[in-house]
Amino acid sequence: MDRNKQSSVTNENSQEGSIQPVISPRQSASLIASTMLGVGVLTLPRAAASEASEAAWITVILGAFFAIIAIVMITRLGFRFPQKDFVQYSTIILGTNKKERSILGRILSTPFILVFLGYSLVTTALIARSFGEVVVNAVLRDTPLEVVIATMLITSLILVMYDIEVLARVNEILLPIIVIPVLFIALFSFQSFELVNLLPVWPQLQIKEFLSGVLITFFAYQGYEIITIFSAHTFITKKTLRLNIIGLLIPAFIYTFIVIAGVSVFGNEELALLMWPTLELVKVTQVPGLVLERMESAFLGVWVAAVFTTTANLYYVASYLFSQYVGGMRYRRWFGLAFLPLIFLISLGPQNVIALFDWQQYIGYTGMLVGLIFPLILTLVAKLRKKGVKQIPYQEEKGR
Amino acid sequence: MKKKRITLSVLILLMLLLTTTGCWDRRELEERISAIAISIDRAEPSEEGQPMYLVSIQIPIPVRIAGGAEAQGEGGADAVKVVSSTGFTVAHAFGNIQKRMNQQLFMGHTRVIAVSKEIAREGVKELIDGFRRDPAIRRLLWFIVVEGEAVELLRSDPKIEQIPTVFIMSLMENGAKSGMIPDITLGRFYISVSNPSLQPILNYVRASKEDISWIGVALFDNQKMIGELTAKESWFLLHLRNENTGGNLLIFPDRGDQREHMVIRPMQIDTSNKIQIVDGKVKAHYEVNMQANIIEKNFDIDLSDSKNIEKLARVTEEALEEEAKKLIDLLQKKYKIDSIKLGQQIKSYHYSDWQKMNWKEEFPKADISVSYRVEFRRIGMQMR
């Protein structure tokens with residue numbers, strides 16, 4: 001009780017200085033995992049197979065490898081500046097040595113922060129849109145797209161209205177609800193598994209095709225950037241880095257599993273023709289002894305939770321980034337509310353699903369910038385200028 | 001304090017109202033018309049000479065189904081209505097059918113899609129495009145080719161089931177379960193059409209006024225039907241594809257005397273193949289391991305002697321090898337089509353050779369041999 005009170009106070013005043021950590025390493029892992037698991041689950045098998053054919057599953061594993069590198073880098077950067085978020089430490093790293101919030105630092109960090117802000121806003125919008133497209137296409141065919149998107153965004157807004165600690169707990173609770181059914185379905189779809197579809201292991205691939213396959217799967221791993229913000233609120237313990245990596249390995253495992261299932265059941269040629277391959281996988285899966293003949297409705301029900309955690313987390317990050325940037329942390333909720341119409345309008349931007357996929361590709365490149373290039377630049381500059389602490393200040397997790 | 005509490009509870013009650021609104025696009029079951037089977041035939045060309053499709057759907061009539069409130073219907077053809085309409089494409093024809101319907105057409109319950117042999121021979125690619133796009137169409141429904149007019153299948157009334165489509169459905173499902181009928185659903189057909197190393201097959205059905213029967217398999221070259229196999233040939237095809245056991249086989253142990261025969265029931269099939277590729281020449285050997293039961297014989301041989309059973313197994317092997325060889329010759333010489341999934345094996349296990357060759361041209365030249373290994377497991381309740 002006491003701690004809750006304290007945390008809410010410090011969250012509001014985090015502008016002034018140090019933030020009290022409230023997120024346990026395990027919650028940090030679930031934040032990463034549930035942000036990653038979203039619309040990517042439905043499209044990844046097609047995206048990977050149309051680039052890398054039978055070798056799709058290798059690209060997924062390689063994509064995970066790059067994502068691990070990025071996560072280690074970001075987590076280390078967070079350790080270097082304990083209890084500082086992305087806005088704060090980029091200002092310190094790029095600023096003069098005298099003050100933490102020097103004018104120079106604020107000016108130089110502005111492009112980084114604005115790109116990150118734009119990225120999180122547009123990604124939130126595109127994920128809500130993809131969600132809408134699937135729902136309108138597959139289940140609620142007469143419901144207006146706008147209503148589906150608005151429902152998802154308003155639900156996310158409710159979570160944005162709460163403190164960071166609540167967000168972390170919601171993610172922790174929802175993660176098993178997302179992971180277990182998805183694994184269950186992937187497992188059952190192996191009933192029509194055909195090994196020949198996965199062979200040859202290495203089809204005659206141009207190395208360029210293969211690398212673009214890796215890039216596409218790397219896009220599916222995006223979402224881990226959120227810990228540049230949440231790491232400021234996470235306890236720094238010896239487990240933090242390891243659990244962050246586990247947070248990535250959960251989606252990596254699910255993705256690999258689903259891609260293998262998709263390629264082995266459909267073959268890569270058929271997979272390339274399917275708009276939502278995982279949904280089709282669910283359609284051909286018959287679970288013996290289950291009451292539901294059509295599994296896809298049940299699957300979509302679970303998938304709503306996966307999309308919700310993704311949109312809500314990114315939405316949260318957008319509102320946090322902006323309020324930290326303008327220095328009005330106590331008005332974060334109002335900024336969140338103000339972003340709602342903006343996100344809604346962006347989500348209606350793409351003309352159709354195909355345009356939506358194009359937009360997702362562009363935002364994927366921006367995500368590379370935010371999740372890979374920015375941390376790399378900041379880490380290098382911080383090392384060169386000897387900024388931040390040298391010894392990682394491990395903390396005790398209180399009351400857990 | 002008390003006032004506050006009252007305001008709060010009123011607010012909560014008002015918010016509860018939001019949960020009572022129901023669905024946006026709610027549609028009751030009786031507010032739509034379910035097409036449980038679809039058939040597609042060739043129709044007379046339009047006035048401008050454009051080819052037209054005749055699309056028919058079978059619709060169950062809820063009040064006529066026995067056991068309903070009035071219970072006056074006796075089921076069968078009375079319980080369903082077959083509606084046909086022509087159109088330039090399938091979707092166009094559906095639009096024309098919709099004009100004659102008082103409720104919205106719904107394809108989510110469709111269990112059978114039948115095309116006539118004539119249409120199948122012209123190619124089914126443009127037919128399945130619409131089905132692929134419609135999220136309501138199941139991938140697990142039965143896609144079949146009908147000898148003659150496909151609409152006959154919808155009009156036919158076998159009387160055993162209340163709704164004729166249910167009869168077709170269970171005929172296929174049970175046949176696939178027992179191993180007689182290849183388990184080829186719409187989704188499987190999609191896959192084999194899009195995979196360049198596979199050639200599709202579909203179930204081939206005959207329908208008359210009161211009878212529906214499975215008569216074999218239609219062979220496809222990509223999306224065009226090019227021929228058909230009889231039931232017996234289809235079973236050997238299933239053996240070679242390592243998919244199913246096929247139905248009961250009639251064996252003549254004494255070649256000279258056609259009156260001596262026995263019936264065996266294959267219980268389990270396990271086919272393995274060895275492929276050798278030398279200078280682009282494919283040499284493939286199939287080995288079919290079959291476990292079978294003897295269910296009937298009409299000649300004198302003492303089966304209580306295990307040596308005799310062994311002898312019968314050898315004779316059976318020879319007979320089966322001969323039949324399988326005939327099928328392979330038929331595929332290689334007459335149809336020139338690799339329906340035994342050999343191409344897929346070559347692509348998966350000999351990829352570099354696969355890239356060098358044009359399999360469509362190589363297949364008729366390939367050297368394919370078959371050997372059977374039969375083990376009789378059971379001879380029934382009689383000793384001799």
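A few notes on this one:
- Cα-based reach from A:Lys239 at 12 Å (exclusive), listing aspartates and glutamates while leaving out same-chain residues under 8 positions away: A:Glu396, A:Glu397
- B:Gln355/A:Leu376 FRET efficiency (R0 45 Å; Cβ-Cβ; nearest 0.05): 0.70
- Placing a label point 7 Å from the Cα of B:Asn174 along the Cα-to-Cβ direction, the residues of the stretch B:199-243 whose backbone N falls under 19 Å from that point are B:204-208, B:210-216.
- Furthest towards positive pole of dipole, A:Leu114, A:Val139, A:Ser102, structure part the stretch A:99-145, Cβ charges: A:Ser102
- Anisotropy class of the stretch A:70-116 from Cα gyration tensor, a/c 1.5 cut: oblate
- For B:296-305, mean number of other protein chain Cβ atoms within 10 Å: 0
- Bridges between two residues of the protein assembly as shown, per DSSP, are antiparallel at a rate of about 65%.
- On Cα atoms only, tilt of A:164-188 relative to the major axis of chain A in degrees: 20
- A Förster distance of 56 Å, applied to the separation of the beta-carbon atoms of B:Arg384 and B:Asn242, puts the FRET efficiency at 0.95.
- Peptide B:181-190 shows a mean partner chain C-beta count of 2 within 10 Å per residue C-beta.
- Rounded to the nearest 10 degrees, the inclination of helix B:2-18 to the longest alpha-carbon principal axis of chain B is 50 degrees.
- Residues of type lysines that B:Lys3 reaches as a straight line, Cα spacing below 28 Å, ignoring anything fewer than 8 places off in the same chain: A:Lys5
- Derived value for the stretch B:214-268: Kirkwood hydrodynamic radius 12.9 Å. Basis is the mean of 1/r over every pair of different alpha-carbon atoms.
- Equivalent-ellipsoid semi-axes for the stretch A:175-272 (Cα gyration tensor, √(5λ), whole Å, largest first): 31, 19, 10.
- Entries of B:Lys232/B:Lys297; A:Lys208/A:Lys383; B:Lys125/B:Lys159; B:Lys283/B:Lys347; B:Lys274/B:Lys311 with Cα pairs more than 23 Å apart: A:Lys208/A:Lys383; B:Lys125/B:Lys159; B:Lys274/B:Lys311
- Semi-axis lengths, Å, chain B, gyration tensor of Cα atoms, sqrt of 5 times eigenvalues: 48, 27, 25
- For A:Gly349, nonlocal amide neighbours, meaning residues 5 or more places apart or on other chains whose placed amide H falls under 5 Å from its own, do not occur.
- Per-residue Cβ neighbour rank within 10 angstrom, fewest leading, B:Asp78, A:Asp142, B:Asp353: A:Asp142, B:Asp78, B:Asp353
- Sequence-distant aspartates and glutamates (8 or more away, or on other chains) whose Cα lies within less than 13 Å of B:Lys333: B:Glu361, B:Glu362, B:Asp367
- Averaging Cα coordinates gives a centre for the stretch A:301-337 and one for the stretch A:187-212; these two points are 38 Å apart.
- Between helix A:40-52 and chain A: long-axis angle, C-alpha atoms, 0 to 90°, nearest 10: 70
- The alpha-carbon atoms of the protein assembly as shown define a convex hull whose volume equals 242 cubic angstrom per residue.
- For chain A: rounded, prolate or oblate by the Cα gyration tensor [a/c cutoff 1.5]: prolate
- Per-residue Cβ neighbour counts within 10 Å put A:Glu269, B:Glu287, B:Glu152 in the sequence B:Glu287, A:Glu269, B:Glu152, beginning with the fewest.
- Charge dipole (debye, nearest 20) of the protein assembly as shown; +1 at Cβ of Lys and Arg, -1 at Cβ of Asp and Glu: 4320
- Segment A:Arg101-A:Leu145, extension gain: residue separation times 0.36 nm, minus the distance between their alpha carbons: 11.4 nm
- Cα-Cα separations in the stretch A:50-191 greater than 18 Å, expressed as whole percent: 77
- Per-selection metrics, the stretch A:235-276 (Cα): Rg and Dmax in Å: 16.0, 47
- Dimensionless Rg ratio for the stretch B:43-180, taking C-alpha atoms and the 2.2 N^0.38 Å reference: 1.11
- In this structure, A:Leu342 and A:Glu209 have a Cβ-Cβ separation that, at R0 = 25 Å, corresponds to a calculated FRET efficiency of about 0.10.
- By the count of neighbouring beta-carbon atoms within 10 Å, fewest first, B:Met381, A:Met275 end up ordered B:Met381, A:Met275.
- Inter-centroid distance (Cα atoms) of the stretch B:144-165 relative to the stretch A:30-101, Å: 58
- Over the stretch A:280-400, Cα pairs under 8 Å with separation of 6+ residues give a relative contact order of 10 percent.
- Contact order relative to length of the stretch A:229-341, as percent, for alpha carbon pairs under 8 angstrom and 6 or more apart: 15
- Descending semi-axes in Å of the stretch A:333-388, equivalent ellipsoid built from Cα gyration tensor: 33, 19, 5
- Listed residues A:Leu376, A:Leu44, A:Leu175, most fluctuating in chain A (Gaussian network, C-alpha, under 10 Å): A:Leu376
- For the stretch B:122-229: rounded, prolate or oblate by the Cα gyration tensor [a/c cutoff 1.5]: prolate
- The trypsin sites (Lys or Arg not before Pro) of the stretch A:52-134 that meet both conditions, a loop assignment by DSSP and at most 15 other Cβ atoms within 10 Å of the site Cβ, are A:Lys98, A:Lys99, A:Arg101.
- Mean separation of Cα contacts under 8 Å, 6 or more apart, over the residue count of chain A: relative contact order %: 38
- Among the listed pairs A:Lys84/A:Lys238; B:Lys224/B:Lys336; B:Lys281/B:Lys341; B:Lys326/B:Lys356, a Cα-Cα separation exceeding 21 Å is found for B:Lys326/B:Lys356.
- Spacing of the two label points (7 Å from each Cα toward its C-beta) at A:Lys383 and A:Gln395, in nm: 2.6
- Here the Gaussian network model covers chain B, with springs between Cα atoms less than 10 Å apart; of B:Ile337, B:Ile40, B:Ile128, B:Ile128 fluctuates the most.
No lab work stands behind these numbers, since they all come straight from the coordinates. On a predicted model such as this, the values are computed, not experimentally measured, just so you know. Positions of Cβ are generated from backbone atoms using ideal geometry, with glycine treated the same way; all protein chains shown enter the neighbour counts.
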